[in-house]
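Have a look at the structure below before the remarks.
Rule-based calculations on the coordinates, nothing more; no lab input. These numbers were taken from a predicted model, which means no experiment stands behind them. Heads up, the Cβs are rebuilt from the backbone with ideal geometry, glycines too, and the neighbour counts pull from every protein chain shown.
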Amino acid sequence: MKPKSTIIIILLLAFQFSNLIAQDLANPLEPVQVRMPILLGPVVGYNRSVHTADIASFVDDPLCPFFTNGTANGFYVGFSFEYLLGSAVDSRSSLIARVLYNTMPADFEKEGDKHPSLVEDLSQSTGYRVVESTTRHAIEVAFSTLTAEVCYKFNFLEGLGVTVGPTFDIPLSKSMTQVYQLLEPNYVQFKRNQEALEKGEIVRYEDNDRTIVVYDQDVPEASGFRLGLKAGLQYEIILGKRYYIVPAFYYNYAVTKFSSVENWFVHAIQFGVDIRFSL
């Protein structure tokens, strides 16, 4: 590049910079052009996940109880990006995108029946006596996702607004452990069924043979993708010229099934806080 051309470019840049300084030093009552801000920041929140399903406690037993609703506590953490629509000074709407790590677990529980159990008792002529035992069926589900969200925000009052948009979830974990447990009395245990163990109908015995693990692997025919619709309320608390915090409440409704076999959906009630910084 020739020296003359370099000098001209430097002079042009200096002229533009002087214009910016002049705007800063100008009368504050006069209108000036404001750059459209972009907001970034961390996100953290709480999930109360709600699983709805029809899960048989024992597949081969038509009289077995079915699990229908399971809930548990989870969380989400990640980053958000917000782009204001319209004038940066008085904008009431924006587009918000988030990338999150979500956990939406569940615990299902179903009371079992009361069963007569044989307990060794040498004082009896038979060597045994009959006691009533109570049982329960339980499932623990671990479900976590990598989530991308896009939502539209509109403030209908100063700082108070609504948001709505889709969520796209890629499962990272989707396992379940199903057990059949003896609750009372505490001195009885299941009689081991070695044949069922060898056939794989029982995974293992635990807790001194008071717990039968029926299933312990990924959810059968779990989907590799979840589509949700997320809507909520948020309130913007301004903390300075460049940043603010946004507490929010959402309902995350599942559009697609978690598992087609069990007619299984995963919804969530979510409370969270976004911290956003203006660039």
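Could you tally the net charge around Asn73, taking each other residue with its Cβ under 12 Å from the Cβ of Asn73, Lys/Arg +1 and Asp/Glu -1?
Here the charged neighbours net out to 0.
Report the chymotrypsin sites (Phe, Trp or Tyr not before Pro) located in the stretch 165-231 that are in a DSSP loop and have at most 15 other Cβ atoms inside 10 Å of their Cβ, or state none.
Qualifying residues, ordered by number: Tyr187, Phe225.
GluC sites (Glu not before Pro), restricted to the stretch 156-229: which are DSSP loop and have at most 11 other Cβ atoms within 10 Å?
Glu158
Determine the alpha carbon to alpha carbon distance for each of Lys191/Lys257; Lys114/Lys191; Lys153/Lys174; Lys114/Lys174; Lys110/Lys257 and list only those over 26 Å. Kindly include the intermediate steps, with their values, before the conclusion.
Working: Lys191/Lys257 38 Å; Lys114/Lys191 16 Å; Lys153/Lys174 31 Å; Lys114/Lys174 32 Å; Lys110/Lys257 22 Å.
Going by Cα-Cα distance, Lys191/Lys257; Lys153/Lys174; Lys114/Lys174 fall outside the 26 Å limit.
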